[in-house]
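This report refers to the structure that appears directly beneath it.
Every number in this text was worked out from the coordinates using simple rules, so none of it is lab data. The structure displayed is predicted, hence computed values, not measured ones. Every residue, glycine as well, gets a Cβ built from its backbone with ideal geometry; the counts of neighbours run over all protein chains shown.
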Amino acid sequence: MALAISTPTLPRRALVFAAIVALHVGFVLVLNSGLAIKAVEQAFGPIKTEMIEEVVDDEEAPPPPPPKIEVAPPPFVPPPDIAIDLPVETTTTTAITATTKKPVVKPPPPAPVARVAPRQNPRRPIIYPDYPPQSKRLGEEGTTTLRMLILPDGRVGKCEVLVSSGFPRLDEAAVKQALRSWRFLPGTENGKPAAMDLDLRVKWQIKVEKG
């Protein structure tokens, strides 16, 4: 007994998909056989292939090394000749010889000063001091030596007892009289009045009056 099986009709989309797959498979087969290559060459001409080198970006390249700068050496300058004088121990003989060769020039001595000592003034004679009454009663006698400073105007600026008479009353009377009334011609240096010392002795002696 034979069975009859009926197949359902395939959808329309499935048929289209199957036709596309069949075309692709046929196209692959044609390529493999070389026919497609010949067909393309006849249509577009031979196909040439070229190798394109990859361009390297210049920014990524390392910078070039800095140029070398050659510094010229400084010019040679010879050192100056320096003479150093070292101390030399000299003996007595060498010192004397050196002194003899180089005599020391001494400055000329100053001109001598023309000095004139003070003296008595004839227009104003010395007035001797009065004899102290008490010394006269006691019989005191002696010589008082005075040292006086005669000023440029002839007055006695200072007076002191250089040698005493042995009696203070007599010495004091002589000093007072000199400072009070004595005047002299002043001493001079190179013709000009100058203050100078003058020594003078006063002799004390009691005179006996004859009756």
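Karplus-based coupling profile of segment 191-205, in residue order and whole Hz: x, 10, x, 9, 6, 9, 7, 9, 9, 8, 9, 10, 9, 9, 8, with θ = phi - 60° in 6.51 cos²θ - 1.76 cosθ + 1.60 and x standing for Gly or Pro. Using C-alpha pairs below 8 Å separated by at least 6 residues, the relative contact order for segment 115-204 is 43 percent.
Neighbour counting of Cβ atoms within 10 Å sorts the residues Leu198, Leu23, fewest neighbours leading, into Leu23, Leu198.
Using a Förster radius of 22 Å, what is the FRET efficiency between Gln134 and Lys207 based on their Cβ-Cβ separation? Nearest 0.05, please. Present the calculation step by step, with values, prior to reporting the outcome.
On the way: r = 17 Å, r/R0 = 0.77.
Efficiency, from the Cβ-Cβ distance: 0.80.
For segment 122-127, backbone phi angles converted through the Karplus equation (6.51, -1.76, 1.60; θ = phi - 60°) give residue-by-residue couplings of x, 6, 10, x, 6, 9 Hz, Gly and Pro being listed as x. Remark on Val202: its backbone amide H falls under 5 Å from those of Thr144, Thr145, Leu146, a criterion applied only to residues 5 or more positions apart or on other chains, H modelled at 1.01 Å from N.
Taking other C-beta atoms within 10 Å as the exposure proxy, Phe17, Phe167 rank Phe17, Phe167 from fewest upward.
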